[in-house]
Amino acid sequence: MNEVNRMNNKKKLSLPVQILIALVLGIAVGLVCYFMDAGEFTTNYLKPFGDIFVNLLKFIVVPVVLLSMIDGIISMGDMKKVGAVGWKTVAYFLCTTAVACVIGLVFANIFNNAGLFPTLSLEEGAVWDKATSANFMETLVGIFPSNMWSAFSASNMLQVIVIALFFGGGIMAAGEKGRLCKDIVSSFYAVIEQVMNFIISLSPIGVFTMMAWVVATQGANILGSLVLVLLCAYIGYVVHAVLIYSMSAKVFAGLSPIWFFKEASAAMIFAFTSTSSAATLPVSKECADALGADSEISSFVLPLGSTINMDGTAIYQCVATIFLASCAGVQLSVGQMITIVVTATLASIGTAGVSGAGMIMLAMVLTAMGIDVNLIMIIYGVDRLFDMGRTCLNVTGDISCAICVSHWEGKHRK
Ligand code: ASP
């Protein structure tokens, strides 16, 4: 029996391998069609399957954002029990994530202004929602929904976030009486996670068909652009790690940055290969404790961080949004960039610490910015490569927070 299981396991390729094969096949078929001038074939017969995949992504994004954000807020509810530690932790998470967004936007703009991001000739170009380019006060009024259902049906992500904040806060405030609601949210979230996993398992089909279509209609140059957008995100990841985590290790906890990264390296490598902050938790805990974090504090900060603290994901979302806006020929104003910082920071609260979750949240940021979600397929094929770096950064941020909060609470063992 075990032998049979082992043989079945051997035969089934893991999802990342399936996606890689789909990516290579998609590029190959796309190049053949491009040189044979058969772009129309891919538009008529391959792209529709990719469209089905993107429709499923769009369908899942509202329930995922709503439930994961309420769930994230409820998990912050435990903060009351831990008092100052909780607030310091959340403040650290929010500040570093906002800085991560700014770093992502700076590098994405440098690349974009240097003409390194392409503008594609898209037949059904990206839709720019004029409402998001309205003045600040109108935007502010617009994020408060007058009708919950219309926010859901229009996929107005900023309104969905506000609804989640209200319900999360309400459930926490209701205490024992809100218990049923809390359990219903957790139960629905568990179900929606399964649906999300199923949709993600269809990625190879989406990647193959969309990659073939993009390459067949845009030519081989698009591949160079993918390398550039990856490079841009990785520069952002490295700069954030070197600047922010070195600085907080040194300034807040009095640690040598080199020692910090040396001790954190086991978790960083594990996160890089597993692409899951949640799966890396046991290793992060060991690293944080080896760096002198208080065990009780790290037991609180690290699981919370793996649910709501995603600096790498924030950088990726900012870089990807600017890249895809450029592909669609949209230039974003400073006001719209500020909206990206706010949306991506909030999105990081809603991103689950599992492989590929940041991509679903990218769909949310794009929707909030009025940019066509279909464009995600341009970078979807290489998402795993983005994910490796962003998870590594996410986990490093959690460890640095555990050490800083231990220090602030006077419990850091150096
Ligand atoms: N994989 C990331 C993590 O676990 C989340 C993401 O996809 O951005 O931290």
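Restricting to segment 238-297, give me the number of residues that are among the hydroxyl-bearing types (Ser, Thr, Tyr), buried (at least 22 other Cβ atoms within 10 Å of the Cβ) and more than 22 Å from the chain's Cα centre (by Cα). Don't jump to the end; show me each part of the working.
The first filter runs over segment 238-297 and keeps only residues among the hydroxyl-bearing types (Ser, Thr, Tyr), leaving 245-246, 248, 256, 265, 273-277, 280, 284, 295.
From the residues that got through so far, the ones that are buried (at least 22 other Cβ atoms within 10 Å of the Cβ) too are 245, 248, 275, 277, 280, 284.
If we keep only those that are more than 22 Å from the chain's Cα centre (by Cα) too, we end up with 248.
Result for segment 238-297: 1.
With respect to Thr280, determine if the residue is out of contact with any Asp or Glu (no Cβ under 7 Å at 6 or more places or on another chain) and either in contact (Cβ under 8 Å) with a residue 12 or more places away in the chain or within 15 Å of the ligand (Cβ to nearest atom) (or both).
Yes: the conditions hold for Thr280.
Contact list please: Cβ distance under 8 Å, first residue in segment 348-365 and of a type in the set (Gly, Ala, Ser), second residue more than 6 Å from the ligand (Cβ to nearest atom) and not in a helix (DSSP H, G or I), pairs at least six apart or on different chains.
Listed by first residue and then by second, the contacts come to Ser348/Asn309.
Given the conditions (1) within 12 Å of the ligand (Cβ to nearest atom); (2) assigned to a helix (DSSP H, G or I), and given that Gly353 satisfies all but one, which numbered condition is not satisfied?
Failed condition: (2).
When residues of segment 318-335 are filtered for being surrounded by fewer than 21 Cβ atoms within 10 Å (Cβ to Cβ), over 23 Å from Lys47 (Cα atoms) and not aliphatic (A, V, I, L, M), how many remain?
Qualifying residue count for the region: 3.
Determine whether segment 398-405 contains at least one residue that is crowded, with 24+ Cβ neighbours inside 10 Å, within 12 Å of the ligand (Cβ to nearest atom) and either assigned to a helix (DSSP H, G or I) or touching a residue at least 12 places away in the same chain (Cβ under 8 Å) (or both). First the steps, then the outcome.
Here is the first cut: in segment 398-405, the ones crowded, with 24+ Cβ neighbours inside 10 Å are 398-405.
Imposing the further condition that a residue be within 12 Å of the ligand (Cβ to nearest atom) reduces the set to 398.
When the remaining residues are screened for being either assigned to a helix (DSSP H, G or I) or touching a residue at least 12 places away in the same chain (Cβ under 8 Å) (or both), the result is 398.
Among the residues of segment 398-405, at least one is crowded, with 24+ Cβ neighbours inside 10 Å, within 12 Å of the ligand (Cβ to nearest atom) and either assigned to a helix (DSSP H, G or I) or touching a residue at least 12 places away in the same chain (Cβ under 8 Å) (or both), which makes the answer yes.
Please determine, by comparing only the residues of segment 283-312 that are more than 16 Å from the ligand (Cβ to nearest atom) and not in a helix (DSSP H, G or I), which one is nearest to Pro257 (Cα to Cα).
Of everything passing the filter in segment 283-312, Leu291 is nearest to Pro257 (Cα to Cα).
Determine, yes or no, whether Ile338 is more than 11 Å from the chain's Cα centre (by Cα), in contact (Cβ under 8 Å) with a residue 60 or more places away in the chain, within 22 Å of Ile322 (Cβ to Cβ) and away from the ligand (no atom under 13 Å from the Cβ). Steps first, answer last, please.
Values: more than 11 Å from the chain's Cα centre (by Cα): yes; in contact (Cβ under 8 Å) with a residue 60 or more places away in the chain: no; within 22 Å of Ile322 (Cβ to Cβ): yes; away from the ligand (no atom under 13 Å from the Cβ): yes.
Taking the combined requirement at face value, the residue does not satisfy it.
Quick check on my filter: what residues within segment 232-255 are out of contact with any helix residue (DSSP H, G or I) (no Cβ under 7 Å at 6 or more places or on another chain) and free of Cβ contacts under 8 Å to residues at least 60 places away in the same chain?
Val238, Val242, Met247, Val251
State whether the residues of segment 364-384 include one that is at pLDDT below 90, surrounded by fewer than 22 Cβ atoms within 10 Å (Cβ to Cβ), within 14 Å of the ligand (Cβ to nearest atom) and of a type in the set (D, E, K, R).
Scanning segment 364-384, I find at least one residue that is at pLDDT below 90, surrounded by fewer than 22 Cβ atoms within 10 Å (Cβ to Cβ), within 14 Å of the ligand (Cβ to nearest atom) and of a type in the set (D, E, K, R), so the answer is yes.
Evaluate segment 317-335: report whether one residue or more is β-branched (Val, Ile, Thr), out of contact with any Ser or Thr (no Cβ under 6 Å at 6 or more places or on another chain) and without any contact (Cβ under 8 Å) to a residue 24 or more places away in the chain. Even if it seems obvious, please write down each step before you answer.
Kept after step one, since they are β-branched (Val, Ile, Thr), are these residues of segment 317-335: 319, 321-322, 330, 334.
Now narrow it down to the ones that are out of contact with any Ser or Thr (no Cβ under 6 Å at 6 or more places or on another chain): 319, 321-322, 330, 334.
Filter again for without any contact (Cβ under 8 Å) to a residue 24 or more places away in the chain, leaving 334.
Checked against the condition, which is being β-branched (Val, Ile, Thr), out of contact with any Ser or Thr (no Cβ under 6 Å at 6 or more places or on another chain) and without any contact (Cβ under 8 Å) to a residue 24 or more places away in the chain, segment 317-335 yields at least one hit.
Which one of these does Ala363 not meet: (1) more than 24 Å from Met69 (Cβ to Cβ); (2) part of a helix (DSSP H, G or I)?
Of (1) more than 24 Å from Met69 (Cβ to Cβ); (2) part of a helix (DSSP H, G or I), only one is false for Ala363: (1).
The values are calculated or read from the model by the stated rules, or taken from the named source; none is laboratory data. The shown structure was predicted, so the numbers you read here are calculated from the model rather than taken from an experiment. All Cβ positions, glycine included, derive from the backbone under ideal geometry; neighbour counts span all protein chains shown.
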